[in-house]
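The values are calculated or read from the model by the stated rules, or taken from the named source; none is laboratory data. Owing to the predicted nature of the structure, the values given are computational and were not obtained by experimental measurement. Positions of Cβ are backbone-derived with ideal geometry, glycine not excepted, and every protein chain shown enters the neighbour counts.
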Amino acid sequence: MILVKTNARQVSRWQQELARAISDPAELLRELELDLELLPAARAAAKQFPLRVPRGFVARMRKGDPHDPLLRQVLPLAAELTPVAGFIADPVGDRSSQVAPGVLHKYQGRALLVVTGACAIHCRYCFRREFPYGEIHAGVEEWRPALNYLARDSSIHEVILSGGDPLSLSDRRLEALLAALEQIPHLRRLRIHSRQPIALPERVDAGLLETLSGAKLPLVLVIHANHPREIDDEVRAALERLEQIGVTLLNQSVLLSGVNDEIPTLVELSEALFAARVLPYYLHLLDRVRGAAHYEVDEIKASTIITQLQQRLPGYLVPRLVREEPGQSAKTPIWAL
Ligand SMILES: *Cc1c(COP(=O)(O)O)cnc(C)c1O
Ligand code: SF4
């Protein structure tokens, strides 16, 4: 491992990579040698939710394949613009469960803190694609009301940093946030939900490792990979570095039509995760957010898939199939058929 600590004024490599991420649909199509016929639809759908994908993630896609499972997660399509009954702006009731600015407290013992709206990658199926992030500002002073809420409720034992992607915060801000959370005596662990180790493995640099190893509370990092090809050598190395500093690594996926709704793909995903020191945690049914209907896999097919996974993998490599329902006190499990 190369231990070069960047000073505050220096722009670190991950920030450069983030700035170089592809946001122009024409560039993405050119890079992948795809037909420019796809361009008008991509441009139209990108107006609703912009395209964004780091170059390292694009490098894991197959050139010339418009159905590549990694591409399918990020390429804006005309289908997003067709209204479908039941697919709405806030499918999981996030807006009504904000108890303080940026705090979602739906489940007993844990509260979720939305710390930033920024992500390194824009996933077309994201259930927060329409979340009003503009109302959430990053910085310890801005987080003060949220921190006060967490400090007042001693039933909260775990805070989940979410977003957006909490690892979009600079090390300095993240360090300040961790320090503020550690002042709260009833917290037993901290959890970070981040897709950055997958989308932008450069983020797992010496500065981040130093910040996280300085945490006094046990850390759980839930990453987000949907397809085995998302885990290449660089991603695996990043995850190994995190494991070496004692972070517990879990993965959540979304079951997506045309991406990972085949049994061999999910078997391989679990194997690839384990090889990178990560255990599968949740396999989510799609949240019915506007613009994502073409990704939906129905519940019957999903539970058949889980039955098959149970037959092919050790129990600890089978993710829990769940659906999020507004107003429930936990994710709703979907049982195998
Ligand atoms: C999903 C979620 C959690 C975490 O649930 P776990 O089952 O503990 O992983 C916590 N808070 C909110 C608001 C959530 O949506
Ligand atoms: S990284 Fe996560 S929060 Fe960001 S767009 Fe993708 S699914 Fe949504």
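Observations on the model:
- Restricting the first member to the stretch 246-257 and to residues that are in a loop (DSSP other than H, G, I, E, B), and the second to residues that are within 14 Å of ligand 1 (Cβ to nearest atom), the beta-carbon pairs closer than 9 Å and six or more apart or on different chains are Val247/Ile192; Val247/Val220; Val247/Leu221; Leu255/Leu283; Leu255/His284; Leu255/Leu285; Leu255/Leu321.
- Filter result for Leu212 (surrounded by 21 or more Cβ atoms within 10 Å (Cβ to Cβ), under 20 Å from Arg13 (Cα atoms) and assigned by TED's automatic domain parsing to the domain that holds Val114): yes
- Residue among Arg30, Arg110 that alone is more than 23 Å from the chain's Cα centre (by Cα), more than 22 Å from Ile198 (Cβ to Cβ), surrounded by 12 or more Cβ atoms within 10 Å (Cβ to Cβ) and modelled with pLDDT of 95 or more: Arg30
- In the stretch 12-35 there is no residue that is in contact with a Cys (Cβ under 8 Å, 6 or more places away or on another chain) and not small (Gly, Ala, Ser).
- For the stretch 180-203, the set of residues classified as more than 16 Å from ligand 1 (Cβ to nearest atom) and either part of a loop (DSSP other than H, G, I, E, B) or outside the structural domain of Leu161 (by TED's automatic domain parsing) (or both) consists of Gln183, Ile184, Pro185, His186, Leu200, listed by residue number.
- Screening Val159 with (1) within 16 Å of ligand 2 (Cβ to nearest atom); (2) touching a Leu at 6+ places or on another chain (Cβ under 6 Å) gives one miss only, at (1).
- From Glu175, Glu182, Glu240, residue being surrounded by 17 or more Cβ atoms within 10 Å (Cβ to Cβ), without any contact (Cβ under 8 Å) to a residue 40 or more places away in the chain and of a type in the set (Asp, Glu): Glu175
- Note on the stretch 50-105: residues that are within 16 Å of ligand 2 (Cβ to nearest atom) and among the acidic types (Asp, Glu) total 3.
- Options Ser162, Ser155; residue that is within 13 Å of ligand 1 (Cβ to nearest atom) and not aromatic (Phe, Trp, Tyr): Ser162
- Screening the candidates Gly163, Gly117 for the property of being buried (at least 21 other Cβ atoms within 10 Å of the Cβ) and at pLDDT below 95 yields one hit, Gly163.
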